Amino acid sequence: MPDAKPGHRMAIYAAPPRVSALAQAADAWFLPDPARDHWLEEPSLYGFHGTLKAPFRLAEGQSQELLELAMSALAAELAPQEPVRLLPAILDGFVALMPDPKDMPRIAALAGHVVRALEPFRAPLTPEEIARRRRAELTQAQDALMLRWGYPYVFQEFRFHMTLSGRLPDKDARAVLELARSHFAEATSEPMPLDRLWLFVQPVPGARFQPQRYFRLSGGTQPTMYITGE
C-alpha cells in the first residue's frame, strides 16, 4: 500500500460490505446522471459512507502505515456493534439514510471512541479550513468542538447519516426523498452491519475519496459515550 503523500486526506467511515445489496444500490444511485448531477456532486466526492472520523490531513510525523496499524489495534479492541436499520430521511436539507433515533447513542459512542483514539493522527485545521467550517453558521458548542477535534459534529452533536444528496430547497428535498425511498426500499430491508472500520483516502485535493481497506471489529470493549470527548 503506497503511503500517503502531502495533500492526501484520510477518513474513517462506516460502510456496507461491497457485495451487499445496500452497496450495490448506492453504486447505482451515484451513477452520473445529467438530471441529478447538481445534487449528487458533493456526496459522490466523499463516497457512500457514515462518518466516524471526518476527513483529515495527517499530522507531522504520522503516516498512512502508522494510521492503519492504529486502526488495526483499535478494531481488535472494540466489540462489533449490532446491525443498524437505515431509512431515507431529510437532515438539514440533505437527503440521507439514517437510523432510528433510539440507535443513535450507541453509534455516537462508537464514533466518539474512534475520534478520540485516532486524534493523534490529525493535523490541526488551517485558518482556511476553519473559515470554511464557520460558513455553516455553527453554534458555539459546534465551533468549540471543531476547534478541538477538527469537526463540529462529534460527541453530543453527532448524528449518524449516509448522505445521498447535497443541500436542497424543501420542495426538491422532498422529491429526492421519495426517489430514495423507492430506490433503497429493498436494500434497506435488512440492517447494515456495524462491524468494521473503513479507511477511505482522498489521493489528491478535489478527487473522490476511495475505500482502501477495512478493519473488522473483533474485541470485547463496548464504546463509552463522551459528551465533549474530554
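Structural remarks
- From least to most packed, judged by other beta carbons within 10 angstrom and beginning with the fewest, Val201, Val114 follow the order Val201, Val114.
- Shown here: Cα extents along the principal axes in Å, derived from the displayed model; of the candidates (i) 47, 44, 32; (ii) 46, 40, 37; (iii) 43, 42, 31, it corresponds to (ii).
- Taking the convex hull of Cα positions in segment 142-230, its mean projected area over all directions (nm²): 9.0
- With neighbours defined as other Cβ atoms within 10 Å of a residue's Cβ, the residues Lys53, Lys102 order from fewest to most as Lys102, Lys53.
- All-pairs Cα distance distribution in segment 1-117, expressed in whole percent, bin size 5 Å: 2, 8, 16, 20, 20, 16, 11, 5, 1, 0
- Alpha carbon convex hull of segment 53-154, projected area averaged over orientations, nm²: 7.7
- Per-residue [θ]222 nm for the chain (sum of -39500 (n - 2.57) over DSSP H runs n ≥ 4, rounded to 500): -10500 deg cm²/dmol
Any read-out appearing in this document is the output of simple, stated calculations on the displayed coordinates, not a laboratory observation. In this text the structure is predicted, and so the values were computed from the model without any measurement. Note: ideal-geometry Cβ built from the backbone for every residue, glycine included; neighbour counts use all protein chains shown.
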